[in-house]
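Step one of this worksheet: look at the structure below.
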Amino acid sequence: MKALIEFQQVCKYYYMGDDTVVAADHISFQVFKGEFVAIVGQSGSGKSTCMNIIGCLDVPSEGTYLLDGRDVGQMDKDELAEIRNELLGFIFQQYNLLPKLNLLENVEVPLMYAGVPKRERRERAKIALEMVGLGDKIKHKPNELSGGQQQRVSIARALVGEPAVILADEPTGALDSRTGREVLGILQELHAAGHTVVLITHDNSIAVQAQRIIRLEDGHVLYDGPSDAPEAVVTPRAAGMGGVPS
Amino acid sequence: MSILESVELALKNIVSSKTRTLLTMLGIIIGVAAVIVIVGLGNGLEGYVAGSFSDMGTNTLTVTVMSRGSTRSLSVDEMYEIVAENSQYLDLCSPTVNMMGYVKIGSETLSSTSSMGVSEDYFGISGDTVAKGRGLQYSDIANRSKVCVIGAFLDQAYFGGNAVGETLRVGGTSLTIVGVLAQSGERLEEGGADDCLYLPYSTASRISGEISSYVVTMRDEDHIDESVDALERALYAVFASDSYYTVTSMAEMLETMTSMINILVGVLAGIAAISLVVGGIGIMNIMLVSVTERTREIGIRKSLGAKERCIMQQFVIEAACTSALGGITGILIGRGLSVLASRVVTRLMGETLTVSPTAAAVGMAFGISVGIGILFGYLPAKNAHVR
Ligand SMILES: Nc1ncnc2c1ncn2[C@@H]1O[C@H](COP(=O)(O)OP(=O)(O)O)[C@@H](O)[C@H]1O
Ligand SMILES: [Mg+2]
């Protein structure tokens, strides 16, 4: 079976003056269709770097990233924009809704860039908003909603284009624990419905809600396996710097 | 994303920040309005000048003789002879004596009335027709009759329409009114085309001295140069020098005046156009700020699959819409000011001057403002996609 996401020895360097920051150091893993994977690690471990690469917002400095079998490193900016639009749905910590647009228009944006005609766009955006329980608020502006509701709008926006992968970067980070659980519940439902979900978090208790965990530290993969294995949630310090479990 | 959708989005953005948009557009509004009013004024001026010349007809030549200092002089009969000898080019001729003295009717002194001594052919040259009474006749000239023909304004304003048979005074000489001309201006007004008086040139020269200028009509307006040449050659033969006379063609004078007005208007419009450019820089400023302010929006849109081209398009169209809106507002204000200026000038000068912007000026001002919007929207947008 072909992997949906495949990292082959991916490295990412940031150059700051004379210093080189190694944000990703030969990271390799595969994610298959229908999986629910959490990428977990402390702040600075390289999660956002991985997320940017998976999300085609950035390209590896070294190594190969294949998304649905296509080599993202070889793509130009327009192709990256297209593949983002076609294959990826983003959920951000800060929701990242456009404040001037109402909910319906916000959810329509990805479809607009995909060139979907207006009427169909309206229809699909409405359905997506109904799915996250906001069908009655489509004319509201984002700032008229609670954080949890805004995050549900961003989930609707991530879903509306029927992407192959849903990428959630700290989706519960700005929410209280109850609404955070609600949002996680929705992600689990999506997984149950057959969607591929990649969840990025620093919080072990959230990571264990996923099916599989990839633990990062200092740009390395420290652990990659099922979330219910005991090593999955071991803190990096306790695990020591000794070795990387395979 | 289609252009139409971009326009929709741009308008939404413009409406959602009205104050900023208004400030952005201000330069464009002022620039466009200024260009329109200035070009309109120029047109009005040109129309006014052309109008005052056409009173005289563009097929006329004016001869001015300055025989002081010369041993030779030119009599009226000699001038008639010259015209008759060149009859293949020249047609009618009349001496013109401008009267400096005021016209007096009863105890009232009229300062704006133009009074002129002319021959019996003059009304044929100027195209005036006699509405009441009679025109000037050869016998009036020969006898130095103390008669005159007046314009419709004087007839209406001072004689209640019954001027024929009444008298008035010019430079101390009492003249009997024998005829009234048909109205030739748009309105009967003081200082207008109908505030005039004509008397025999012979009578006039007795009041105010030597006859020194003539109007001559040409048979064919296409032979201005030949006609002028013929006259000049004949006059040279009389004076044996070219420093005692000038021959001016009305058509050429009109052309000179028109081109002078055009240069003036061009310079003024150029200055106004600078404010358009300044307005454009204003747009660029706001666009730059807006690009920086909206890096977050740009980032979000990119993550949702927007190509750089789409984002560029969005900013450029927003700038273009802003400046187009400014352009339209400027056109409306410019038109309003033109109407106002027409009224003010007409009231102040007592002359009818219609400030009328040409469609070309309006179109150009609008086109330039949109062009500036696109250009100055494009530059910061280029910045946006670097991020
Ligand atoms: N744009 C950048 N420029 C320089 N250094 C960066 C940049 N982004 C991330 N880094 C560095 O790369 C490392 C990994 O960062 P990041 O991927 O953001 O980690 P996380 O999301 O897990 O907190 C950190 O040391 C961070 O300082
Ligand atoms: Mg991060």
Item to check | Residue check for A:ASN106: polar (S, T, N, Q) and under 29 Å from A:THR201 (Cβ atoms) | outcome: yes
Checklist entry - Is it the case that A:ALA192 is away from ligand 1 (no atom under 14 Å from the Cβ) and within 15 Å of the chain's Cα centre (by Cα)? => result no
Item to check | Given (1) free of Cβ contacts under 8 Å to residues at least 60 places away in the same chain; (2) assigned to a helix (DSSP H, G or I), index of the condition A:LEU187 fails | outcome: (1)
Checklist outcome for this item: Quick count over segment A:117-147, residues being open to solvent by 10 Å² or more (accessible area, probe 1.4 Å), of a type outside the set (Val, Ile, Thr), more than 14 Å from every other protein chain (Cβ to nearest Cβ) and within 26 Å of A:LEU184 (Cβ to Cβ), is 13
Next on the checklist: Just to be sure before I move on: is B:ARG296 among the charged types (D, E, K, R) and either more than 14 Å from chain A (Cβ to nearest Cβ) or open to solvent by less than 10 Å² (accessible area, probe 1.4 Å) (or both) in the structure I sent?
Outcome noted: no
Item to check | Filtered residues of segment A:216-225 (kept if within 15 Å of ligand 2 (Cβ to nearest atom), open to solvent by less than 60 Å² (accessible area, probe 1.4 Å) and of a type in the set (D, E, K, R)) | outcome: A:GLU217
Checklist entry - When you scan segment B:218-261, how many residues do you find that are in contact (Cβ under 8 Å) with a residue 60 or more places away in the chain and either in contact with a Cys (Cβ under 6 Å, 6 or more places away or on another chain) or aromatic (Phe, Trp, Tyr) (or both)? => result 3
Checklist entry - Counting only residues that are in contact (Cβ under 8 Å) with a residue 60 or more places away in the chain and farther than 15 Å from B:SER202 by Cα, which one in segment B:125-141 is most open to solvent (accessible area, probe 1.4 Å)? => result B:GLY127
Checklist entry - Of all residues in segment A:164-207, which are within 13 Å of ligand 2 (Cβ to nearest atom), charged (D, E, K, R) and more than 14 Å from chain B (Cβ to nearest Cβ)? => result A:GLU170, A:ASP203
Checklist entry - Do any residues in segment B:142-153 that are assigned by TED's automatic domain parsing to the domain that holds B:LEU197 and open to solvent by less than 70 Å² (accessible area, probe 1.4 Å) have Cβ atoms under 9 Å from those of residues that are of a type in the set (Val, Ile, Thr) and in a helix (DSSP H, G or I), where the two are at least six apart or on different chains, and which pairs are they? => result B:SER145/B:THR203; B:VAL147/B:THR203; B:CYS148/B:THR203
Checklist entry - Does B:LEU268 fit the bill of being touching an Asp or Glu at 6+ places or on another chain (Cβ under 9 Å) and in contact (Cβ under 8 Å) with a residue 12 or more places away in the chain? => result no
Checklist entry - What tally of residues in segment A:35-80 results from selecting those that are hydroxyl-bearing (Ser, Thr, Tyr) and within 16 Å of ligand 2 (Cβ to nearest atom)? => result 4
Next on the checklist: Please go through segment A:35-90 and give me each residue that is part of a helix (DSSP H, G or I), open to solvent by less than 10 Å² (accessible area, probe 1.4 Å) and within 13 Å of ligand 1 (Cβ to nearest atom), ordered by number.
Outcome noted: A:CYS50, A:MET51, A:ILE53, A:ILE54
Item to check | segment A:12-34 - residue that is hydrophobic (A, V, I, L, M, F, W, C) and within 19 Å of the chain's Cα centre (by Cα) and, of those, nearest to ligand 1 (Cβ to nearest atom) | outcome: A:ALA23
Checklist entry - Residues of segment A:47-57 being closer than 20 Å to A:ILE214 by Cα and not basic (Lys, Arg), which ones? => result A:SER48, A:THR49, A:CYS50, A:MET51, A:ASN52, A:ILE53, A:ILE54, A:GLY55, A:CYS56
Checklist outcome for this item: The helices (runs of 4 or more DSSP H) lying wholly within segment B:1-118 that contain at least 1 residues that are closer than 30 Å to A:GLU108 by Cα and within 14 Å of chain A (Cβ to nearest Cβ) are B:3-16, B:18-54
Checklist entry - A:ASP68: more than 30 Å from A:VAL116 (Cα to Cα), acidic (Asp, Glu) and in contact (Cβ under 8 Å) with a residue 40 or more places away in the chain, yes or no? => result no
Item to check | Residues of segment A:129-157 satisfying the condition of being of a type in the set (Ser, Thr, Tyr) and part of a helix (DSSP H, G or I) | outcome: A:SER154
Checklist outcome for this item: Those residues of segment A:8-34 which are buried (at least 17 other Cβ atoms within 10 Å of the Cβ) and within 16 Å of ligand 2 (Cβ to nearest atom) amount to A:LYS12, A:ALA23, A:ALA24, A:ILE27
Checklist entry - Taking into account only those residues within segment A:91-116 that are in contact (Cβ under 8 Å) with a residue 60 or more places away in the chain and part of a loop (DSSP other than H, G, I, E, B), which is farthest from the other protein chains (Cβ to nearest Cβ)? => result A:GLN93
Checklist entry - Any residue in segment A:226-242 that is under 20 Å from A:ILE155 (Cβ atoms), outside any strand (DSSP E or B) and either away from ligand 2 (no atom under 16 Å from the Cβ) or at pLDDT below 85 (or both)? => result no
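The values are calculated or read from the model by the stated rules, or taken from the named source; none is laboratory data. Keep in mind that this is a model prediction, so the values were computed, not measured. Neighbour counts run over all protein chains shown; Cβ positions are idealised from the backbone, glycine included. To get the accessible areas, we keep the full protein, side chains included, count just its heavy atoms, and leave off ligands, DNA and RNA. Shrake-Rupley method; radii C 1.70, N 1.55, O 1.52, S 1.80 Å.
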